[in-house]
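Here the structure is laid out as structure tokens; the discussion comes afterwards.
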Ligand SMILES: Nc1nc2c(ncn2[C@@H]2O[C@H](COP(=O)(O)OP(=O)(O)O)[C@@H](O)[C@H]2O)c(=O)[nH]1
Ligand SMILES: [Mg+2]
């Protein structure tokens, strides 16, 4: 291993329309490329920086056009002594031979740039129904980069046992392909952010030894970034909730002031609630809602913190101060408002 700065590239590959660009957007936290439910929407391989370190390391995510017409592609390649060399040397017409033209871009990207291939499959279908699977893995095997299969389109989170059964089914179906080193669930829509670090750690043994130190630094930087985002999100939630806990809404009839809790119980029991209490509850809920929107976490800045100068040194508290909001716990009383008719003294 070496301590020198390193660049590591992950290539998103799949059959066209499996969700590569969507997953790239989830991982990058911004809208890149074009997403559409149609084949061949992405037409070129594009690199996006995922994370960098102060030492100059860079982790890059490539979004690619992926494969089209895979069965015919593998059949044509099988006829060649040097399938990948032959395929890349051909000039495919961009319009008449679009699936081959775009597959060529994906193949070139894997051969020239990828350290590890992230190969997506549409896990809403059974492995046996995925006719593209065997030919595409055959093409990837000819290139020879390590492959991690990501189960995409898994749908809403389900009981863990069901998800594990799905993973086991795909692992079994992929057992015959030694280039597949891992099978992990990572749905672009339903994924939990904790899964990202699981994925990055799973890639560590697949990265070339001379890039190992750089990769470890990048994984550490990713974890730090996510921890910071988590803290910001918690602070953004805590402040308005603390304000709401101390908020007051005065009722028009002071005799009812102390009966709000009883009224809510009545409501649960199906009895009509007092109109003024309803108004008060709506006002409190409205202010909590406005507070949550107002206190939202500062927009995420994808640049590494060390490269952001003074702005990068902002803490969550400063960010809230910039937005003119209170830190959690400091809002009690300061944002208290009395809406509605004032209470007369002595009542
Ligand atoms: N349900 C579901 N749909 C997805 C997911 N990922 C992508 N899609 C949909 O699949 C279609 C193709 O996605 P896209 O990212 O353009 O695929 P690409 O051709 O592989 O880049 C779009 O309609 C996406 O909304 C996913 O994780 N779950
Ligand atoms: Mg795409």
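The values are calculated or read from the model by the stated rules, or taken from the named source; none is laboratory data. All figures in this text were calculated on a predicted structure; none of them were measured in a lab. Cβ placement follows ideal geometry from the backbone for every residue including glycine, while neighbour counts extend to all protein chains displayed.
Counting only residues that are more than 16 Å from ligand 1 (Cβ to nearest atom) and closer than 25 Å to residue 230 by Cβ, give me the helices (runs of 4 or more DSSP H) lying completely in the stretch 116-207 with at least 3 of them.
Working: elements: 133-143, 160-173, 193-203.
Ranges flagged: 193-203.
Condition check ((1) under 28 Å from residue 124 (Cβ atoms); (2) assigned by TED's automatic domain parsing to the domain that holds residue 17; (3) touching a residue at least 12 places away in the same chain (Cβ under 8 Å); (4) crowded, with 18+ Cβ neighbours inside 10 Å) across all residues:
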residue	(1), (2), (3), (4)
160	yes, yes, no, no
164	yes, yes, no, no
176	yes, yes, no, no
187	yes, yes, yes, yes
191	yes, yes, yes, yes
194	yes, yes, no, no
197	yes, yes, yes, no
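Which condition does residue 68 not pass, out of (1) within 16 Å of ligand 2 (Cβ to nearest atom); (2) in contact with a strand residue (DSSP E or B) (Cβ under 6 Å, 6 or more places away or on another chain), if it passes all the others?
Evaluating residue 68 over (1) within 16 Å of ligand 2 (Cβ to nearest atom); (2) in contact with a strand residue (DSSP E or B) (Cβ under 6 Å, 6 or more places away or on another chain) leaves (2) as the failure.
Could you count how many residues in the stretch 1-50 are more than 18 Å from the chain's Cα centre (by Cα), more than 12 Å from ligand 1 (Cβ to nearest atom) and more than 26 Å from residue 141 (Cβ to Cβ)?
5
Inside the stretch 112-158, can you point out the residues that are surrounded by 14 or more Cβ atoms within 10 Å (Cβ to Cβ) and over 25 Å from residue 196 (Cα atoms)?
We begin by selecting, within the stretch 112-158, every residue surrounded by 14 or more Cβ atoms within 10 Å (Cβ to Cβ); these are 113-123, 127, 130, 132-143, 145-154.
Scanning the stretch 112-158 gives 130, 132, 134, 135, 138, 139, 141, 142, 143.
Give the residue that is nearest to residue 124 (Cα to Cα), with candidates limited to residues of the stretch 19-33 that are out of contact with any helix residue (DSSP H, G or I) (no Cβ under 7 Å at 6 or more places or on another chain) and near ligand 2 (Cβ under 9 Å from one of its atoms). Quick ask: steps written out before the conclusion?
Quick first cut of the stretch 19-33, residues out of contact with any helix residue (DSSP H, G or I) (no Cβ under 7 Å at 6 or more places or on another chain) only: 19-26, 28-30.
After this cut, where a residue has to be near ligand 2 (Cβ under 9 Å from one of its atoms) as well, the list is 19-22, 24.
Values: 19: 12, 20: 15, 21: 18, 22: 16, 24: 19 Å.
It comes out as 19.
Which residue is nearest to ligand 2 (Cβ to nearest atom), if the candidates are limited to the stretch 34-59 and must be in contact with a helix residue (DSSP H, G or I) (Cβ under 8 Å, 6 or more places away or on another chain) and part of a strand (DSSP E or B)?
48
Can residue 101 be described as more than 20 Å from residue 133 (Cα to Cα), under 30 Å from the mean Cα position of the chain (by Cα), free of Cβ contacts under 8 Å to residues at least 60 places away in the same chain and more than 12 Å from ligand 2 (Cβ to nearest atom)?
no
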